[in-house]
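The values are calculated or read from the model by the stated rules, or taken from the named source; none is laboratory data. None of these values were measured; they are calculated from a predicted model. Glycine also receives a Cβ, built like all others from the backbone with ideal geometry; neighbour counts cover every protein chain displayed.
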Amino acid sequence: MYIVKVLIEHPVHSLDMTFDYLSHQKIMTGVRVNIIFNHRRIVGYVEDEEYTTFTKEQLEEKAGFSFSFIESVIDEEPLLNEELKQLASTLSKLTMSPRISCLQAMLPTQLKPSTHKAVGIKYVKTVVIKEYGKAKTKKQQECLDYLKEYQELSLKDIPYSKAILDKLEEQGLICYRQVENYRNPYIIEEKKQVVTLTKQQQNIVNQITSKEPCVSLIHGVTGSGKTEVYLSLASYYIQRGKNVIMLVPEISLTPMMVKVFKERFGEKVAILHSRLSSGEKYDEYRKIKRQEVHIIVGARSAIFAPIENIGLIILDEEHDGSYKQESHPRYHTAQVAKIRAKSHHAHVVLGSATPSLESYSRALKGVYDLYELKERINQKPLPYIEIIDMVESMKQNNYTPFSYPLRKKIQETIDKGEQVILLLNKRGYASVVRCNDCGEVVKCPHCDVTLTYHKEEGQLKCHYCDYTLPLVKTCPNCQSSKIKLIGYGTEKIEETIEKTFHHASVIRYDVDTTRNKNSHLKLLERFRNKEANILLGTQMIAKGLDFENVTFVGVLNADLSLNIPDYRSSERTFQLLCQVAGRSGRGNKSGTVMIQTYNPDHYVIEAVKTHDYQAFYQEEMKYRRLAKYPPYCHMVSLIIQSKKEEDVRLCASEIAQYLNQHLTRAQVLGPAKSMIYKMQDIYRERILVKFFDGRMIYENLNKICDYYSKNKRKVTIVCDFNPYSQI
Ligand code: ADP
Ligand code: ZN
Ligand code: ZN
């Protein structure tokens with residue numbers, strides 16, 4: 001019998017520990033297993049095992065507690081190689097999260113046994129010639145001659161009947177085989193035609209490829225041809241027998257990038273992202289494991305792809321917040337990319353039209369190499385941007401979401417047969433439901449937020465938990481029927497568009513309309529086919545999309561993100577507005593943009609108007625320096641949470657006090673109630689620590705986490721380094 005040491009994620013605290021389980025068979029270390037822990041079936045990871053001659057009873061007597069057997073083994077073989085195992089340990093230390101959660105983040109969940117069976121491997125039956133010789137009949141001979149032209153043919157591609165093939169097999173001339181048939185998530189024809197790079201593009205490729213591995217930042221305005229640079233770099237490394245990881249921030253962007261990479265590199269490309277079906281994911285993962293592909297295109301988690309011999313890792317739109325994982329382990333993809341690149345002696349390329357302040361300041365300091373593409377391909381002008389002051393609009397007695405100039409411009413664009421993109425970074429129909437008699441607003445009973453009205457479903461929904469409530473007809477507080485819907489989201493605008501404009505047809509593109517697999521692709525394809533002249537969406541439409549007939553982009557309310565109380569909100573707004581503006585005039589016709597705001601003089605708005613990244617950067621860095629925010633320091637956010645408000649309050653202030661006493665060259669802010677104080681019935685206080693000395697921070701935070709994991713007041717502490725989330 002074997003004693004198997006299984007690493008599990010302990011539900012109450014995040015110490016790395018293994019638990020002993022038994023098995024009659026030898027189990028390989030490095031595979032995942034199903035076990036029962038605290039009456040729950042969970043997945044564990046086999047760290048070690050040893051053979052024992054004792055029986056279960058003897059072991060139990062010796063230990064004084066009972067052992068369970070491993071339920072089942074998940075993986076046929078260990079999934080991670082040495083490099084990735086090492087990476088899991090490093091990541092676990094850097095993000096202060098359990099090793100098991102790092103291992104889990106690296107592995108596709110779809111490789112579990114239950115789905116394993118359901119998913120299975122898709123096989124096709126093929127025919128190969130065993131021995132070319134004389135067949136019994138003329139027809140059989142014809143068939144054999146036909147087969148001779150091919151190495152191997154799938155049964156369904158052979159223009160002869162199964163009966164004839166069976167006869168040939170009987171005579172020992174051919175044999176059948178089962179081969180794995182990979183599901184192909186995107187079938188795209190290979191295009192061999194390749195554009196000639198401009199001098200600037202070629203220059204970047206030459207410089208990067210002639211250098212020792214390092215991190216390069218490509219700052220290129222939208223439409224400056226960064227993608228072609230990526231393709232060319234990828235091709236360079238692949239030709240030299242190296243592999244490439246190409247990362248994109250979000251699922252909605254992946255299809256475009258997949259398309260261009262598949263067109264260029266055909267079957268050498270594997271795709272990894274969360275929207276693939278489990279079968280597809282399984283196939284892609286196996287192709288990678290077997291080193292049958294040379295490029296992986298995917299979102300955040302694709303950075304962990306088990307590919308060997310990496311030559312290049314690219315992060316497109318490197319500033320994007322989705323590169324930061326917001327659950328255990330809270331890593332940043334660029335951080336992981338740099339670690340992997342180091343082990344592989346590979347290049348890292350970060351690209352963006354609006355680099356993060358962290359990256360750009362590193363580039364200016366010479367930590368990264370900086371490349372700038374200042375113009376669009378063919379000197380196409382950047383779109384003309386007009387700022388609309390909404391205070392003025394109200395003075396004209398216009399209280400609708402559309403100012404007069406915006407309304408006029410949308411109508412003109414539609415009348416010309418051109419298309420419009422409209423950004424409103426708020427989904428749903430109405431953001432607040434309020435009683436006009438007593439002022440009561442309808443809130444989520446589990447979270448400190450108002451419920452959003454979703455008209456299509458007739459429901460009030462909480463955007464932070466799954467709570468829903470049918471739209472109330474009377475006030476829950478005073479029974480008045482004067483219920484008012486306040487504020488507007490994409491769903492409401494969608495409804496008003498067709499009333500406001502002649503011949504307008506709209507496609508709404510937000511989380512609610514893109515839930516189904518491929519629905520985002522279908523919506524975009526419909527827009528491309530001009531089935532609608534307006535594409536309305538949340539920040540999802542701001543990135544990556546390339547529609548040549550879009551000549552006008554409107555931003556309904558630029559202040560939504562500007563007003564969020566977070567030190568990154570200016571940076572985020574600048575990025576969002578530049579990105580969405582970049583969707584206009586990408587084809588032959590020139591484009592314009594209108595941005596509606598109550599803050600027309602804000603430096604973010606002014607820099608967006610003049611396409612001036614440098615101006616924004618200088619201004620924002622001044623503020624960061626004054627207020628001592630990253631990149632002028634490091635930052636970690638601690639969320640202290642519990643169902644008991646009292647425990648949270650006490651522990652949070654204890655922790656703040658401890659940190660104040662034990663840290664030097666650091667500033668402790670808080671504790672304060674986090675932006676959403678109660679979420680899913682859990683109370684949350686937040687402490688922000690700005691620091692310079694990483695070692696000291698880790699040491700103390702580890703002490704704190706250890707202490708509170710054993711403390712009788714049950715709080716969980718979430719440490720988030722370089723935090724992106726404001727809630
Ligand atoms: P970015 O990623 O910087 O926004 P893209 O790579 O999408 O820009 O390029 C913008 C457009 O210019 C695309 O339609 C692309 O096909 C085209 N393009 C890029 N490089 C070249 C080139 N060297 N010659 C001609 N067209 C190019
Ligand atoms: Zn009321
Ligand atoms: Zn809620």
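General observations
- Taking every residue in the stretch 478-507 that is within 16 Å of ligand 2 (Cβ to nearest atom) and pairing it with any residue that is in a loop (DSSP other than H, G, I, E, B), at least 6 positions away or on another chain, the pairs with Cβ-Cβ distances below 6 Å are Cys478/Asp437; Cys478/Cys438; Ser480/Asp437; Ser481/Thr474; Lys482/Asn436; Lys482/Asp437; Lys484/Asn436.
- Residue among Glu525, Glu531, Glu548 that alone is without any contact (Cβ under 8 Å) to a residue 40 or more places away in the chain and assigned to a loop (DSSP other than H, G, I, E, B): Glu531
- 2 or more residues away from ligand 2 (no atom under 16 Å from the Cβ), touching a residue at least 12 places away in the same chain (Cβ under 8 Å) and within 26 Å of Phe574 (Cβ to Cβ): qualifying helices (runs of 4 or more DSSP H) within the stretch 613-727: 613-627
- Taking residues in the stretch 45-61 that are assigned to a helix (DSSP H, G or I), and partners anywhere that are surrounded by 14 or more Cβ atoms within 10 Å (Cβ to Cβ), the pairs with Cβ atoms closer than 7 Å and at least 6 places apart or on different chains are Lys56/Leu22; Lys56/Phe67; Leu59/Phe67; Glu60/Phe67.
- In the stretch 701-719, the residues that are more than 14 Å from Ala652 (Cα to Cα) and either within 29 Å of the chain's Cα centre (by Cα) or buried (at least 19 other Cβ atoms within 10 Å of the Cβ) (or both): Asn702
- Residues located in the stretch 386-417, provided they are crowded, with 19+ Cβ neighbours inside 10 Å and either assigned to a helix (DSSP H, G or I) or of a type in the set (Asp, Glu) (or both): Met390, Ser393, Leu406, Lys409, Ile410, Thr413, Ile414
- Some residue of the stretch 610-632 being aliphatic (A, V, I, L, M) and surrounded by 20 or more Cβ atoms within 10 Å (Cβ to Cβ): no
- If you go through the stretch 254-283 and keep only what is of a type in the set (Lys, Arg) and either at pLDDT below 75 or in contact with a His (Cβ under 8 Å, 6 or more places away or on another chain) (or both), you end up with Lys268, Arg275.
- Members of the stretch 447-470 found to be under 22 Å from Asp681 (Cα atoms) and away from ligand 3 (no atom under 14 Å from the Cβ), listed by number: Tyr453, Pro470
- Some residue of the stretch 448-469 being surrounded by fewer than 20 Cβ atoms within 10 Å (Cβ to Cβ) and within 16 Å of ligand 2 (Cβ to nearest atom): yes
- For the stretch 41-50, the criterion of being among the basic types (Lys, Arg), at pLDDT 90 or above, surrounded by fewer than 11 Cβ atoms within 10 Å (Cβ to Cβ) and under 38 Å from the mean Cα position of the chain (by Cα) is met by no residue.
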